[in-house]
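What follows is a set of notes on a single structure, which appears directly below.
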Amino acid sequence: GEERAQRVLRRAGFRVEVSQARESWWMLVDGHDVEVQVRADYLVSRFGRTYVAEVKTGELAPDPTYPPTRRQLLEYSLAFDVDGVLLVDVEAGEILEVGFPEVG
C-alpha cells in the first residue's frame with residue numbers, strides 16, 4: 001500500500017519528504033497541559049508548499065466525511081504546521097485536499 005501511495009503522490013507532482021511523520025501537540029485536560037503524539041503517513045511538498053498526507057484504502061475510510069477519517073484529518077490540520085492536508089485514496093488513485101475553514 002505504501003509504495004502505491006507514493007506512486008500516486010509522485011505522479012501528481014508531490015515529493016515525499018518524511019514517511020511516518022510525527023508531531024507533538026499539546027491539549028488541555030482539566031486545566032493541565034498534556035502532550036500527545038500525532039503520526040501521519042507522509043509529509044509531502046509541491047510548488048513550495050508542504051502538506052501532511054494520510055493514505056486510506058477500503059470502502060469508507062477514503063471518504064473525507066467518514067467520521068473517523070474526518071476527525072483524523074482535522075487533528076492533522078491542527079497539529080502539523082503545514083500548508084494543507086491531503087487524503088490519498090490509493091485504490092482510486094486520487095488525492096483530495098481537505099480543509100476546515102473554521103480552523104486557523
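What the table shows:
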| quantity | calculated |
| --- | --- |
| Apportionment of accessible area to carbon and sulfur, the chain, percent (1.4 Å) | 46 |
| 0 to 90° range, to nearest 10: angle between helix 67-79 axis and the chain longest Cα axis | 70 |
| Gained length - Thr65 relative to Val38, 0.36 nm times residue gap less alpha-carbon distance | 7.7 nm |
| Theoretical gain in end-to-end length, Trp25 to Glu102 [0.36 nm per residue, Cα-Cα removed] | 25.8 nm |
| The stretch 37-104 shape via C-alpha gyration tensor axes, a/c threshold 1.5 | oblate |
| Using alpha-carbon coordinates, inclination of helix 2-11 to the longest axis of the chain, degrees | 70 |
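The values are calculated or read from the model by the stated rules, or taken from the named source; none is laboratory data. Everything numeric here is computed off the predicted structure, so don't read it as measured data. Ligands, DNA and RNA are stripped out before the accessible areas are found, and what is left, the full protein with its side chains, is counted by its heavy atoms. Shrake-Rupley method; radii C 1.70, N 1.55, O 1.52, S 1.80 Å.
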